[in-house]
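The values are calculated or read from the model by the stated rules, or taken from the named source; none is laboratory data. Since we're looking at a predicted model, the values are computed, not measured. We place every Cβ from the backbone using ideal geometry, glycine too, and count neighbours over all the protein chains shown. Quick note on the areas: whole protein, heavy atoms, side chains included, nothing else; ligands and nucleic acids left out. Shrake-Rupley method; radii C 1.70, N 1.55, O 1.52, S 1.80 Å.
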Amino acid sequence: MLAAKVYGKEDLRLVEVERPVLSKDSTEVIVKVKAAGICGSDNHIYHGENPFATLPRVIGHEFVGEVVEIGNKVSGLKVGDHVVIEPITYCGKCYACRQGMPNVCKELKVSGVHVDGGMQEYVKVDAKQAHIIDKKVPWTTAVLAEPYTIAGNATIRGKVELGKTVLIQGAGTIGQLILRMAKAKGASVMISDILDSRLEFATLNGADRVVNVLNEDLAEKLNEWTNHEGANVVIDAACTRKTFESCFAYASVAGAIVPLGMSAEPSQIAQKPIMQKQLTVYGSRLQAYQFAPVIKAIEEGILADDGIVTQTFSINDIQEAFNLINKEPEKVRKAVIIFE
């Protein structure tokens, strides 16, 4: 069967690999992959910039498909079910797991990063990773469940809720999904970026204020919007050193900061604003227990595609997809690989 595997920096190959086989007394299922989204972290792996990935690796952690085989110890799933795949496995016993944070388990493994992912025709996963989704949901919408869980985790970590003001730095795909999630939770949201096209889309998504930081002063606009209080929650979805450092100035007293970047480059952060405003910084990695509520919201139409998926490509054209993402990023919100 066909798989997309990264062997090194910008070395992406379509290769033939063995179709997975269920072992005796298995708790696993085999899923025929129908769609897989290309995430920014996949692009980081492609460029040799993801510090967690081991190579060579079949990439892809945003994937959905149809159950075609089930192990004899599996219950709750049947052949023909449409499923969204949760791309993490964890021990369930370590300190992080006991604290309800399996997403930072000491034995965490992520599909497409530590183990082979969903950019292949068939995948074998533990049954508990396969979450049923209504067959009425199109594959290109179902594939957004995983990135929506990232938005869900970020908003839960930052305690986003009714009545709070939220500043999102970065109106890329994850920024847009966080915007939708924050609005669904009743928050008021300002979002910033350097591209007017992204900000126009954010306005359509319900943003209360948008700011182009190339020609507007974000601090000034934030002060006008919040009457100099600052944002109760600041989420850095731009993930640069500059945006992370600025979060501490933009946060209100008793505010929360949620950085989503994975750079190992040190940042310069003064202690004074953290102490003076009693700020809390919440790390947010992947997701914890977000698939059930996100899938329910997708099935009920609360969370949707509505322009997030901008391009679809055959698995045979995956290199073209990466070329577009890297050469004309302003044209791509979410590119999805389709398996026939």
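Quick look at the values:
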| item | result |
| --- | --- |
| Nearby lysines by direct alpha-carbon distance to residue 73 (threshold 21 angstrom, same-chain neighbours under 8 apart not counted) | 24, 32, 124, 128 |
| The chain, accessible area per residue, ligands and nucleic acids excluded (1.4 Å, Å²) | 46 |
| Total formal charge among the other residues, if their Cβ is under 15 angstrom from that of residue 133, Lys/Arg +1 and Asp/Glu -1 | -3 |
| Degrees, to the nearest 10: 173-184 long Cα axis against longest axis of the chain | 70 |
| Within the stretch 244-326: Cβ-based charge dipole about Cα centre, in debye rounded to nearest 20 (Lys, Arg +1; Asp, Glu -1) | 620 |
| Solvent-accessible area, 1.4 Å probe, carbon plus sulfur percent, for the stretch 99-174 | 52 |
| Cα gyration tensor, the stretch 1-110 - rounded (a/c under 1.5), prolate or oblate | oblate |
| Among 64, 233, 281, residue whose mean-square fluctuation peaks in a GNM of the chain (springs only between Cα atoms under 10 Å) | 281 |
| Protection proxy ranking, peptides 174-186, 296-308, average beta carbon neighbours within 10 Å, highest first | 174-186, 296-308 |
| Accessible-area composition of the stretch 52-93, carbon plus sulfur, in percent [1.4 Å probe] | 52 |
| Within the accessible area of the stretch 279-340 (1.4 Å probe), percent carbon and sulfur | 49 |
| From the C-alpha gyration tensor of the chain, square roots of 5λ in Å | 35, 21, 19 |
